[in-house]
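Colleague: Pasting a structure here, questions to come.
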Amino acid sequence: MTTELTTVVTPEEFLTHWQGHRRLTRKMFEAFPEDKLFTYSLGGMRTFGEMGNEFLGMALPTVRGMTTLKWEHFEHAKPTTKQGLLTEWDAQTAQLDKEFPLIPLGRFSETMKAFGQWEMKGFQLLFYVLENEVHHRGQGYVYLRSLGIEPPAFYDREM
């Protein structure tokens, strides 16, 4: 029996999917009242604004690391206002569109040690960044509902 190698998802398709998640996360930031985004939490968890800063610190550094194999921690402004977070989010979203296609194709299946701690294949690392965002976005849904705010539909990834 011969097994054919099949691509399940292309890098372009992955980026499109990821950017859909980023659009939804942005809608979550927008749904928070200004005075709650960086102050409201439950059960000792971080605020959704703090989680947003974590997302900002992971996406571009991971793409840049996969492109260059230089795993430098990303120094970015850590916004403390909703508008600041949205502005930085939009800038990084545009930058992802420019830099993601620069990742050499072989890096998606190459094992690497990102930031000196996560050793996995490139595609696994990208899934880790995406899944981290989705996981924490779930916390944001709980926060919004506890504030009496209807969150965006989890499947609405359009503009």
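The values are calculated or read from the model by the stated rules, or taken from the named source; none is laboratory data. Predicted model, so just to flag it, every value in this text is computed and none were measured. Counting neighbours? That spans all protein chains shown, and the Cβs are built from the backbone with ideal geometry, glycine included.
Colleague: Check off (1) modelled with pLDDT of 95 or more; (2) touching a Gly at 6+ places or on another chain (Cβ under 9 Å) for residue 74 and give me the number that stays unchecked.
Modeller: All conditions pass for residue 74, except number (1).
Colleague: Go through the range 1-22 and give me each residue that's at pLDDT below 75 and either among the acidic types (Asp, Glu) or surrounded by 13 or more Cβ atoms within 10 Å (Cβ to Cβ) (or both).
Modeller: 4
For every residue, the table says whether it meets (1) under 24 Å from residue 43 (Cα atoms); (2) hydrophobic (A, V, I, L, M, F, W, C); (3) at pLDDT 95 or above.
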{"site": "70", "(1), (2), (3)": "no, no, no"}
{"site": "80", "(1), (2), (3)": "yes, no, yes"}
{"site": "84", "(1), (2), (3)": "no, no, yes"}
{"site": "91", "(1), (2), (3)": "no, yes, yes"}
{"site": "154", "(1), (2), (3)": "yes, yes, no"}
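Colleague: Could I ask something else about it? For the range 84-91, indicate whether the set of residues that are touching a residue at least 60 places away in the same chain (Cβ under 8 Å) and touching a His at 6+ places or on another chain (Cβ under 8 Å) is non-empty.
Modeller: Within the range 84-91 (the criterion being touching a residue at least 60 places away in the same chain (Cβ under 8 Å) and touching a His at 6+ places or on another chain (Cβ under 8 Å)), the answer is no, since none of the residues qualifies.
Colleague: Step by step: first the residues of the range 23-44, then only those that are of a type in the set (A, V, I, L, M, F, W, C) and in a helix (DSSP H, G or I), then the one that is surrounded by the most Cβ atoms within 10 Å (Cβ to Cβ). Which residue is that?
Modeller: Checking each candidate, the answer is 37.
Colleague: Within the range 109-137, track down each residue that is within 17 Å of the chain's Cα centre (by Cα) and over 23 Å from residue 27 (Cα atoms).
Modeller: 114, 115, 118, 122, 123, 124, 125
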